[in-house]
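The next block holds one structure in the form of structure tokens; read it before the comments.
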Amino acid sequence: MTNLNYQNYTVESVTSGHPDKICDQVSDAILDACLSQDPESRVAVDCMGAHGAFYISGELTSRAEINPVRIAKSVYKQIGYTDKLKVTVNLVRQSADIAIGVDVGGAGDQGIMYGYATNETESYMPLGVELVNKLTKGLEDLRKSGKVEWLMPDGKAQVTVDRGSVTKVLISCQHRDSVGQNEIAKTIERLLIEPIIAKKGKNYEILVNPTGRFVNGGFNADTGLTGRKIMVDSYGGMMSHGGGAFSGKDPSKVDRSGAYMARYVAKNLVHRKLGKRCLVSVSYAIGVSEPQMLYAINEENEDLSDYVKNSFDFRPLSIIEKLNLRQAIYRETAAYGHFGRAGFPWEEIGN
């Protein structure tokens with residue numbers, strides 16, 4: 001089991017214009033379009049983009065009438081890209097073999113999910129994860145506000161923390177060819193890093209665009225895939241991950257809803273002072289409603305499993321109802337982390 005008493009670690013985040021995150025956002029925008037018309041939609045959509053081409057594939061069973069090509073191009077433009085995409089779509093209905101189990105309230109797949117919370121920040125997230133997501137979101141805000149006109153959509157950040165203090169910050173930001181490295185480094189340090197990091201560390205090292213140039217970004221530089229940033233989406237690799245991605249999946253898929261419920265429970269355990277740091281894990285069998293395993297511990301390695309089993313219902317339909325997961329809220333989750341952000345039902349403190 002993962003060590004909850006971490007001290008020294010590095011975590012990363014990426015901007016909404018990162019190739020993988022473009023794909024996540026399109027997948028979740030398609031999901032939202034379906035749920036807004038038909039809350040019972042079954043959706044499992046994956047995307048791939050590279051060098052002017054964009055491919056949408058997966059399974060979709062819904063009464064909704066949507067235009068995946070239009071959705072993809074709209075999301076791409078909203079993120080900030082202006083080049084054209086050739087979009088190919090290959091969507092089919094959900095397998096009847098899977099539907100047999102889901103129709104009666106069973107899990108949409110097998111798998112293991114984890115949820116985590118800590119009292120070290122107001123967001124109940126590890127300090128480094130909170131900060132690194134603020135840095136990448138800050139890059140987007142500087143770009144979209146026009147405050148830094150040479151910023152482009154692609155970008156990444158890393159934060160290293162040692163015993164509660166930031167020791168290293170890395171920013172990689174796509175930029176126009178007209179700006180030099182010296183101006184980039186000074187601007188990013190002054191407008192982004194200092195306001196977010198200054199009170200969280202002393203004499204921390206800063207590295208901005210380590211190659212000295214980041215003009216070519218997005219799909220022009222790299223291939224993107226839905227679900228390839230699962231650690232960025234969750235707890236930065238500091239906690240266990242079952243391997244299942246979130247984006248593009250409706251809440252009958254426990255990869256998503258089970259992970260959201262585990263986070264909700266972990267956060268409420270910490271709020272109820274059952275631990276300073278709590279980890280919840282759950283596993284499912286396809287078509288079966290009751291979890292195969294449900295386990296919870298705190299930083300003292302105290303077993304909280306019985307308390308969780310007696311206090312929370314992890315059956316898929318119960319999770320969907322408890323967290324009101326048939327809403328069209330998922331595109332907003334697809335960049336800057338699924339956890340530690342206000343406004344999502346799995347982030348609420350229950351009674």
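Before moving on, here are some points about what is shown:
- Over all directions, the projected convex hull of the C-alpha atoms in the stretch 66-134 averages 8.9 nm² in area.
- Remark on the chain: Cys34, Cys173, Cys278 stand apart, with no other cysteine beta carbon under 4.7 Å.
- Neighbour counts of C-beta atoms inside 10 Å place Asp250, Asp109 in the sequence Asp109, Asp250, starting with the fewest.
- Per-residue 3J(HN,Hα) values for the stretch 14-23, derived from phi via the Karplus relation 6.51 cos²θ - 1.76 cosθ + 1.60 with θ = phi - 60°, read 10, 7, 5, x, 5, x, 5, 6, 4, 5 Hz in sequence order (x marks Gly and Pro).
- Positive end of the dipole of the stretch 19-102 (Cβ unit charges, origin at the Cα centre): among Cys47, Thr61, Leu85, the Cα lying farthest that way belongs to Leu85.
- Rounded to the nearest whole Hz, the Karplus-based 3J(HN,Hα) values (6.51 cos²θ - 1.76 cosθ + 1.60, θ = phi - 60°) of the stretch 325-339 follow the sequence 8, 8, 7, 8, 10, 8, 4, 5, 7, 7, 8, 6, x, 8, 10, with x at glycine and proline.
- 18 Å Cα-Cα threshold exceeded, pairs from Lys21/Lys156; Lys77/Lys253; Lys21/Lys134; Lys134/Lys200; Lys156/Lys199; Lys21/Lys73: Lys77/Lys253; Lys156/Lys199
- All other residues whose Cβ lies under 12 angstrom from that of Phe219 are scored, Lys and Arg at +1 and Asp and Glu at -1, for a net of -1.
- Whole-Hz Karplus values for the stretch 296-302 come out as 8, 9, 10, 5, 8, 6, 7 Hz, taken residue by residue from phi with 6.51 cos²θ - 1.76 cosθ + 1.60 and θ = phi - 60°; glycine and proline positions read x.
- Taken over the chain, the alpha-carbon convex hull comes to 126 cubic angstrom per residue.
- Taking every alpha-carbon pair under 8 Å whose residues sit at least 6 apart, the stretch 19-102 reaches a relative contact order of 31 percent.
- Close amide H contacts of Met152 (hydrogens built in the peptide plane, cut-off under 5 Å, sequence separation of 5 or more or a different chain): Gln174, His175, Arg176.
- Proximity of backbone amide H atoms, modeled 1.01 Å from N, is registered between Thr167 and Thr160, Val161, Asp162 at under 5 Å, excluding neighbours fewer than 5 places apart on the same chain.
- Using alpha carbons only: equivalent-ellipsoid semi-axes of the stretch 19-102, gyration tensor based, whole Å: 24, 13, 10
- The stretch 19-102 - share of DSSP beta bridges that are antiparallel (%, nearest 5): 55
- Residues whose amide H lies under 5 Å from that of Ala107, counting only those 5 or more places away or on a different chain, are Gly287, Val288, Ser289; hydrogens are built 1.01 Å from N in the peptide plane.
- Projecting the Cα atoms of Leu274, Ile286, Met238 onto the dipole axis of the chain, where Lys and Arg carry +1 and Asp and Glu carry -1 at the beta carbon, places Met238 farthest toward the positive end.
- Around the Cα centre of the chain, unit charges on the Cβ atoms of Lys, Arg, Asp and Glu (plus for the first two, minus for the last two) sum to a dipole of about 840 debye.
Where a number appears in this text, it was derived from the coordinates with a stated rule and is not lab data. For clarity, every value in this text was computed on a predicted model and none was experimentally measured. Reconstructed Cβ throughout: ideal geometry from the backbone, glycine too, with neighbour counts over all protein chains shown.
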